[in-house]
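These notes concern the structure reproduced below.
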Amino acid sequence: MTAIWFDPVVEQLDEKARRRFWSKVSPPDANGCRFWTGSLSTGGYGQFWLGPRWPVGQFYPAHRMMLLIATEGAPAPDMLACHRCPARRRDCVWHVRWGTVRENRRDRLRDGTYGWKLTPEQVCEIVAHLCERKLSRKEIAARYGVHRSRIGHIAQGRAWGILFEDRPDA
Ligand SMILES: [Zn+2]
């Protein structure tokens, strides 16, 4: 897929950062899987630190970073790193492709991994509510039946990470 939109993160991916990224990816196993050997988020997903130096910078989902490195950008700003591993290993960072929110959801339904309260579409709706500023975070949390801290995470710009972590094992 041709990259037509350049994620600003790509500009931070210099030679040193790329070498560091690949040093955390295992060689392929019999299934062709390549696993993340670096640090994990609290949700159990691979994460990659990018920034000048601690604490300036942030963690990015390793699966998304893999696609950004592979394609030098995302096809569109709202594309997600969809994970479909034949071994269903969530630490596999090789079996990923760009997909829409809809495709991501369809994969999850098919794989029967639809266990979390918020769907990617709901997260997008919440982002829209936050932008409109008509409802308070408390009201949004009540409407979606989640804790207010979750709305806070989304408000802090961690929406994409949350979207990814909503896929427990796919
Ligand atoms: Zn795999």
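In a reduced charge model with +1 at each Lys and Arg Cβ and -1 at each Asp and Glu Cβ, region 1-99 shows a dipole moment near 380 debye about its Cα centre.
For Thr71, the accessible surface of its heavy atoms amounts to roughly 40 Å² (probe 1.4 Å, protein chains only, rounded to the nearest 10).
Two numbers describe the Cα atoms of region 1-99: Rg and Dmax, which are 13.1, 38 Å.
For region 1-93, averaging the sequence separation of C-alpha pairs within contact (under 8 Å, six or more residues apart) and dividing by the residue count gives a relative contact order of 37 percent.
The values are calculated or read from the model by the stated rules, or taken from the named source; none is laboratory data. Owing to the predicted nature of the structure, the values given are computational and were not obtained by experimental measurement. Cβ: placed from backbone, ideal geometry, glycine included. Neighbour counts: every protein chain shown. Areas reflect the complete protein model, heavy atoms only, side chains present, ligands, DNA and RNA absent. Shrake-Rupley method; radii C 1.70, N 1.55, O 1.52, S 1.80 Å.
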